[in-house]
1. For the pair Val225 and Lys78, what calculated FRET efficiency results from E = 1/(1 + (r/R0)^6), where r is the Cβ-Cβ distance and R0 = 60 Å, to the nearest 0.05?
2. I need the calculated FRET efficiency for the pair Asp236 and Phe99, taking r as the beta carbon distance and R₀ as 56 Å, to the nearest 0.05.
3. Distance cut-off 23 Å, Cα to Cα: go down the list Lys174/Lys360; Lys156/Lys415; Lys156/Lys391; Lys191/Lys430; Lys78/Lys285; Lys153/Lys399 and report the pairs above it.
4. Out of all DSSP beta bridges with both ends in the chain, state the antiparallel percent to the nearest 5.
5. Could you give the accessible area per residue of the chain, probe 1.4 Å, as a whole number in Å²?
6. Over region 8-140, what is the percentage of antiparallel beta bridges among all DSSP beta bridges, to the nearest 5?
7. Sticking with the crude label model, points 7 Å out along Cα→Cβ, report the distance from Asp274 to Asn6 in nm, one decimal please.
8. Counting alpha carbon pairs within less than 8 Å and at least 6 residues apart, what relative contact order, in whole percent, applies to region 164-438?
Amino acid sequence: MYKSSNTVNIIVADYDNMRLMDTFSKLQNSNPLVRVVAICQNGQDLINRASTMRDVDAILMDFNLIDLTAIEVAKELKDSSPTTEIFCISDSMSAEFIFSAKSKGVAEIFKREGIVYREVADKIVDSIIAKRLEYEKLANEHGAIEKGTRNTKIVKEYITKTISQSVILTYNMKGGVGKSTVAANLAVAIKLSPYYSGKRVVLVDFDCGGANVSTICNIPDIDTVSRNLAAWENIDLNETSPEEVDSLLIPGPHGIMVAAAPINMGIAAKIGYDIADNILKILKKYFDVIIIDGAPNLSPVMDAALEQATKILLIANPEGQAVKQLGRIVHTLNDITANGERDLIHIINKMFVVLNYAQKPSEWDLKPNEVARTIGRPLLREIPNDDVVKKALHGNSAKQAVELEPESEFAIAIKKLANDLCGAYPEGVKQEDVKKSKKKVKENSDKKKLFGLFG
Ligand SMILES: Nc1ncnc2c1ncn2[C@@H]1O[C@H](COP(=O)(O)OP(=O)(O)OP(=O)(O)O)[C@@H](O)[C@H]1O
Ligand SMILES: [Mg+2]
């Protein structure tokens, strides 16, 4: 799930401009994995860039910049960018100096006289790759995340940095199965994850004319008049700016952005494959997570979504006829592929069943394994029927169910789904944990009360 990008991204810093350019070009050409991502002439600029740019693996700096030394830079970045390693070049190399610098967070010191940049680059690359493996191991051992604050911070930053893009579609040509409910709650659950809080999440309403997302997110009709999918018609993929894209979106719950569907049926009818495809390609440029709420039909807009999605959630209810109908779609895609008409295997492979109990369970319900078998794709998760969904929809909190009652069975299931899809909750989500920690807080406050009585 987590990609390890191969290049090693380095910022080079030196107060002497000529020397800075020389170090930059020699380092850049020394090892194919090295990518110099920025150059700086003073310490403050260096710190600003290292803590705000994505994926800065290392710094190679002259030990003494005009305003800061490498030790001070290491100290500053310890919290704001703990995975960035600091390497420096120095004229003086006494044993005492090396010891002092290394004990204060500098990874390695190279002597200026006779420096060989190829060796410097190899050393930095080896060190960063070894560190990445170490973080990856820590990140995989879920327990490590809870141990020690420094580990937590480093692992969190590592996971946050290496998250890959997700485009998730909720799909079923049948209405009322929970496509919009799952899509909206999934978007919020992902944004609520500590690993995704700084990531850009957009919820896209592809149910043109239905405008489910606007309803669920309490977006007034007036806001969608100028800012809806039809307004993207003349936007050029290669000439967009983030500001322009944001101006076509509407701020939704908990910091997610919403691409609203037009409500006017005449306008909705104009949206076909090309516009839908263009919208998704543009959003892919600016967002880490794109959740598409599908329409209850088979249409060119849905075809574009099926093509662009990285995961397709077949939202099913445990009802015989509807499950058979969904199964027919998967079988048709298989048949088209088998006949050699078109190769659709890449679409079939992205499909997973999410069994959502939009109605209260009944004795006539199919069993989860029957649902998955009939559809012909694996079951990813079951989402229980929960009154919190209605409470969120009809109450006036303007919150989605996952946020309204984070400990509800529904919220836990959606968060687990968020983890299945994009690793949003690697520590796991267990209702017992929530209950346990609540109990602990209560015990502690009881203890306090006792001590208050006797103390
Ligand atoms: N897990 C659940 N628990 C309780 N109610 C649910 C659940 N999932 C969905 N519902 C309710 O079922 C109804 C249909 O859900 P939703 O609108 O999300 O379906 P949909 O597939 O998007 O429908 P459409 O195709 O018409 O857009 C809504 O009233 C919703 O509140
Ligand atoms: Mg819907």
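1. Efficiency, rounded to the nearest 0.05: 0.75.
2. E between Asp236 and Phe99, to the nearest 0.05, is 0.45.
3. Lys156/Lys391; Lys78/Lys285; Lys153/Lys399
4. Antiparallel bridges: around 5 percent, rounded to the nearest 5.
5. Averaged over the residues of the chain, the accessible area is 49 Å².
6. 5 percent
7. Computed distance between label sites Asp274 and Asn6 equals 3.8 nm.
8. The normalised contact order for region 164-438 reaches 24 percent.
The values are calculated or read from the model by the stated rules, or taken from the named source; none is laboratory data. This one's a predicted model, so the numbers in the text were calculated from it and none came from an experiment. Ideal geometry is used to build each Cβ from the backbone, glycine not excepted, and the neighbour counts take in all protein chains shown. All accessible areas refer to the heavy atoms of the entire protein, side chains included, with ligands and DNA or RNA removed. Shrake-Rupley method; radii C 1.70, N 1.55, O 1.52, S 1.80 Å.
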